[in-house]
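Heads up, the thing below is written out as structure tokens.
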Amino acid sequence: MVGVCALTLLLAALPTSVGVTSLGSSPQTFSATGTSAGVSLLYPSHFHDFAELGQEISNFAAAAPQLVDVEVIGQSYEGRNIVCLRLTNELNTEQKAKTLVVAHHHGREQITIEMALRFMLRLLNGYGVDPAITSFLDTEEVYVVPSLNPDALDRVVNGGNHWLRKNLRPFNDDGDASFDEDSPEDVNGDGWIAGYDVYLKSGASLVYQSTFYEGIDNDGDGRINEDPEGLVDINRNYGAYWGGSPGSSGNPADEIYRGSAGFSEPETKALRDFASNHRFGMAYSIHSGTNATYFPSDLYGYWVNPTLFSPVYSDLVALLPSGFNTYQGLGEQGEPARRLLESGQCGMWEDWMYSQRNTPLPITFELYHDASVDEPGAFTVILNNSTHVIYRWNGIYGYFNPVASHIDALWSDVLPAFDYLLATTPRLTVQLQSVAGLGSSLSVSVNLRCLSARLGTVDLVYVRGEDGSLLHTAPVVSAGGSAVVAFSLPLAAGSQQLVRIGNDYTGYVRLVISSLSGYALIVGAGLTVALVVAVIIYVVRRRRRAASRS
């Protein structure tokens, strides 16, 4: 049996017999029917635009309505829906452990949408087929936001502007009468928008000065690209440590412009309002542009919880392709060093999730970069005079995204990290140890075990009655650890009580404890009906024999 609750069968010699069952934990009881093994993408080996993404989401929901819920959590600046999918066995209505994947903060990183789609596809096709996936969906609620920046998605995929990082709030960069009228363009029709890096000659050295992009003078002011689309880097717009530098900028022209205030943008507001209704033990924000795993850091760029982050980092290094995090090197504390862009605290998702939502493991997962676009051969000299050198670079597409035919191969590379996300999300098993007592009060003892090897239960473990009343509070159960918890339960003869054990991070296991006169029986989830009947018959016969001798 796969499930959160594994209860033992016990025979108890009690004056008032007790029966125990579990609700909300056993896939034998709560197995979703009509599983969607065989569902496929409508647009395989293809980068989805906003409309196509919507079709895929509708396809998933229609194929497995018992596993998929779709919620609109907000709208983008231009009014497109920001959608979150919840994947779980909905026949188990008890609150479960929760985990989160957020994709596509940045427009040009559309490969993150493709990875999110394949992650969901793996869950839907694996349920009822793969025991591990079945267990995860029976005991977890998996939330996926496939695109947090849908406005920019259409500009990148359909407009070909693979430089676009930010959201599409308009801004008049050049101070004329128009907004966003002069963006980079593919002038020569080769399918790429080139970037041009300008260097000043200083003796034998070259000193970087600026970058401009391929384009035309759309507004007739003698300049190109001076008023491009895109304003706020929404991954610098979260309310925690908003305004920090050098990781963010107050200049609207910069790629890491943080906006006018924390949560000034509708995209980040949508995620804030959604996440504020949930507790996540672990979460991913997936990006591209490098191969790395980033954890919440302090003002100096060092991990805020190296005791936890270090073994998780080591786990991911072992799971991901060789050399995935190699470029990072090691910092002064023996931790993986962070790039300057990501260092410190500057309004990023991971810092907000950690400090404001108490998510102990929010990881920014950078899952793709083509190193060949960094090689000298990727740069072409187009000007070399006595004072300056200008290089043309066509590598922006490969910097953030593979060719479409490589999407599935990339998914195979990073898939283990997504399984790790599910396995590391904290969940509990509950094993009944004993029940004893007389009259209207019972003493119940259970063994709790945390299934996550890296995360404990995060919060205290609560034993609650059906009405939500708090019956008992137990300490945090450590990662991979167990604890015996004893509590008193008011229970009159001939009655029953629902007991819920867990917390908002682990979810809850439901037990129904009933007083059953005539025999002493304690039954746990997962036992077959034949076994239960056999035990009942055995106990009743023993009682009859004893009565005949007395």
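Some points to look at:
- So Thr293, is it β-branched (Val, Ile, Thr), touching a strand residue (DSSP E or B) at 6+ places or on another chain (Cβ under 7 Å) and not assigned by TED's automatic domain parsing to the domain that holds Tyr420: no
- No other residue among Gly230, Gly247, Gly243, Gly222 is under 27 Å from Ala194 (Cα atoms), touching a Cys at 6+ places or on another chain (Cβ under 9 Å) and not aliphatic (A, V, I, L, M) apart from Gly247.
- Conditions (1) under 19 Å from Phe400 (Cβ atoms); (2) surrounded by 17 or more Cβ atoms within 10 Å (Cβ to Cβ); (3) in contact (Cβ under 8 Å) with a residue 40 or more places away in the chain; number of the one not met by Leu231: (1)
- Residues of the stretch 208-233 that turn out to be farther than 25 Å from Asp154 by Cα and among the small types (Gly, Ala, Ser), as a count: 3
- If you go through the stretch 172-198 and keep only what is touching a Phe, Trp or Tyr at 6+ places or on another chain (Cβ under 9 Å) and more than 13 Å from Phe212 (Cβ to Cβ), you end up with Asn172, Asp173, Phe179, Asp180, Asp186, Gly191, Trp192.
- Elements of type strands (runs of 3 or more DSSP E) contained in the stretch 139-246, each with 3 or more residues being over 24 Å from Ser276 (Cα atoms): 195-202, 205-213
- Qualifying residue in the stretch 130-151 (condition: surrounded by fewer than 17 Cβ atoms within 10 Å (Cβ to Cβ) and not acidic (Asp, Glu)): yes
- Exactly one residue out of Ile390, Ile363 is closer than 30 Å to Leu117 by Cα and either buried (at least 19 other Cβ atoms within 10 Å of the Cβ) or modelled with pLDDT of 95 or more (or both): that is Ile363.
- Listed by first and then second residue, the pairs with beta-carbon distance under 9 Å, at least 6 apart or on different chains, first residue in the stretch 356-383 and assigned to a helix (DSSP H, G or I), second modelled with pLDDT under 95 and exposed (fewer than 13 other Cβ atoms within 10 Å of the Cβ), are Ala378/Ser372.
- Scanning the stretch 497-527 for residues that are closer than 30 Å to Leu421 by Cβ and modelled with pLDDT under 90 gives Leu511, Gly524, Ala525, Gly526.
- Number of residues in the stretch 90-121 that are under 17 Å from Ala64 (Cα atoms) and either touching a helix residue (DSSP H, G or I) at 6+ places or on another chain (Cβ under 7 Å) or not assigned by TED's automatic domain parsing to the domain that holds Met282 (or both): the value is 5.
- Extreme residue, farthest from Ser288 (Cα to Cα), among residues of the stretch 303-352 that are hydroxyl-bearing (Ser, Thr, Tyr) and either assigned to a helix (DSSP H, G or I) or at pLDDT 95 or above (or both): Thr307
- Summed over the stretch 92-143, the residues that are among the β-branched types (Val, Ile, Thr) and more than 23 Å from Leu164 (Cβ to Cβ) give a count of 7.
The values are calculated or read from the model by the stated rules, or taken from the named source; none is laboratory data. Please read all numbers here as calculations on a predicted model, not as lab measurements. Because the Cβ atoms are built from the backbone with ideal geometry, glycine has one as well, and the counts that use them run over all protein chains shown.
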